[in-house]
Amino acid sequence: MRLKVWYIPQVPMKAFEVERETTLAEARAALDLLIDFSTFEFENRVKPDYADAGGIAEWDEDEHAWRDVECD
């Protein structure tokens, strides 16, 4: 499965993106790690404020486009 983890550490800056042939569980673990690191930065006052966003997208072969994946 072709997936992309994307994370914007400070909106509206450019997203950090990593594409991989991987499972949804592995992509979710990578996104969770980025979120945990962001929480660490917040708790330790590394940045003055926070407006972050992130998610996982899957490559749609039929549409030739990325589409976001719903994760719980």
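Summary of values
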{"item": "Label of the coordinate-derived value, Cα extents along the principal axes in Å, listed as (i) 44, 24, 19; (ii) 56, 26, 19; (iii) 43, 22, 13", "result": "(i)"}
{"item": "Rounded to whole Hz, the Karplus (6.51, -1.76, 1.60) HN-Hα couplings of segment 56-65, x for glycine and proline", "result": "10, 10, 10, 6, 9, 4, 5, 8, 6, 7"}
{"item": "³J(HN,Hα) computed for each position of segment 5-10 - Karplus, 6.51 cos²θ - 1.76 cosθ + 1.60, integer Hz, glycine/proline x", "result": "8, 10, 8, 10, x, 8"}
{"item": "Placed amide H near V69: partners under 5 Å, 5+ positions off or other chain", "result": "I56, A57, E58"}
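Taken together, the values in this text are just the output of simple stated rules run on the coordinates, not laboratory data. Since we're looking at a predicted model, the values are computed, not measured.
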